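Structure first, commentary second.
Derivation of every value follows stated rules applied to the coordinates shown; laboratory data play no part. Bear in mind that the values here come from a model prediction, so they are computed numbers and not experimental data. No Cβ is skipped: glycine too gets one built from the backbone with ideal geometry, and neighbour counts run over all protein chains shown.
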Ligand SMILES: Cc1cc2nc3c(=O)[nH]c(=O)nc-3n(C[C@H](O)[C@H](O)[C@H](O)COP(=O)(O)O)c2cc1C
């Protein structure tokens with residue numbers, strides 16, 4: 001079977017399989033991995049696995065589709081890096097259907113250095129919840145991240161010192177609100193329960209230490225299953241805080257926003273930068289409206305912390321066999 005073909009039994013050829021293996025390395029809300037892939041003669045159907053939605057924080061499936069969008073971006077980059085155009089069709093069956101995208105390996109193309117670097121970053125990208133160094137990110141790198149978001153039709157707005165404090169204050173407030181809600185704690189309990197052999201959810205190695213004086217209001221994944229030896233560490237003052245936003249809102253904007261998010265995270269990885277999405281206030285409508293500031297028509301899709309971080313542990317992934325439909 002040649003590299004891109006799909007066998008009668010739905011088995012993808014080796015090149016297509018490599019691309020799907022890249023897709024499942026995408027970030028996802030609570031590491032829910034809410035995607036499925038169906039290789040067909042017309043391309044790969046990408047399906048949203050709505051049974052994996054974290055309902056309490058994601059009533060409309062916005063973060064679920066952002067996660068699927070991130071997987072679509074990996075799939076596209078992996079195809080391009082293997083010399084084929086990635087022909088994308090979003091929501092081919094309408095906004096509420098199970099199939100949310102179709103990606104086809106199109107004409108041959110010469111891969112660029114940028115694409116090759118992004119593809120190499122896919123297995124190296126992590127959500128880093130450890131303290132970052134007190135070293136500001138250089139301007140040219142930030143400009144590159146802004147262009148990465150733009151290339152996917154989104155906007156990355158980097159907070160100045162005042163806005164940084166204000167955004168983190170809203171994140172802190174949202175985190176406290178969530179911590180006080182029993183149904184949030186129940187969802188957290190499920191997605192952080194570390195059953196042996198479990199390959200989804202957030203594992204203890206990825207929680208990171210407590211932030212002294214809650215200076216950096218990361219989402220606390222260790223709230224329900226606390227670690228016995230969790231260190232308290234001082235978090236940085238100088239990480240970059242940026243807001244990724246789209247012009248419209250709704251399923252298509254979420255899928256596009258997810259692709260932009262992953263492009264920004266991978267571009268940061270290429271430059272040796274660590275990243276953490278912080279999305280607690282975007283899950284509370286009244287707070288989401290505050291994040292882009294008054295009078296704006298933009299729709300925030302993610303808040304990202306960017307800086308220089310120490311190495312951190314990877315989170316597990318379900319094997320491709322579990323998400324491949326034949
Ligand atoms: C839409 C979205 C929202 C997320 N929100 C948060 C968050 O608020 N806090 C956090 O620490 N990680 C957040 N993450 C990161 C996921 O928890 C992470 O991608 C997942 O656990 C897999 O780990 P990895 O990114 O290291 O592969 C988010 C990811 C996505 C795609």
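Principal axis extents of the Cα atoms in region 226-271, from largest to smallest and rounded to whole angstrom, are 43, 28, 19.
Among 2, 96, sorting on how many other beta-carbon atoms sit within 10 Å of each Cβ, with the fewest leading, yields 2, 96.
Peptides 61-67, 6-12: what's the order by average Cβ count within 10 Å, highest mean first?
On the way: 61-67: 27.1, 6-12: 13.7.
Descending mean neighbour count gives 61-67, 6-12.
Coordinate range of the alpha-carbon atoms in region 139-307 per principal axis, descending: 42, 34, 33 Å.
Here, region 103-181 yields an orientationally averaged convex hull projection of 8.9 nm² when only Cα atoms define the hull. Taking the C-alpha atoms only, the angle from helix 251-270 to the longest principal axis of the chain is near 80 degrees.
If you wrap a convex hull around the C-alpha atoms of region 137-195 and split its volume per residue, what is the figure in Å³?
Details: hull volume 8.9 nm³, N = 59.
Per residue, the Cα convex hull of region 137-195 comes to 151 Å³.
Each of the peptides 18-29, 214-225, 160-171, 187-198 was scored by the mean count of other Cβ atoms within 10 Å over its residues; in descending order, highest first, they stand as 18-29, 214-225, 160-171, 187-198. Label zone (residue 116, point 7 Å along Cα-to-C-beta; backbone nitrogen cut-off 12 Å) within region 72-98: 81-83. Oblate is the label for region 50-172. Its Cα gyration tensor axes, ordered a ≥ b ≥ c, give a/c of at least 1.5 and b/c at or above a/b. Under the simplified labelling scheme, the residue 93-residue 190 pair shows an inter-label distance of 2.3 nm, with each label point 7 Å from Cα along Cα→Cβ.
Beyond 29 Å, how much of the Cα-Cα pair distribution for the chain remains, as a whole percent? Mind showing how you got there, number by number?
On the way: 17961 of 52975 pairs.
Here the tail beyond 29 Å accounts for 34 percent of pairs.
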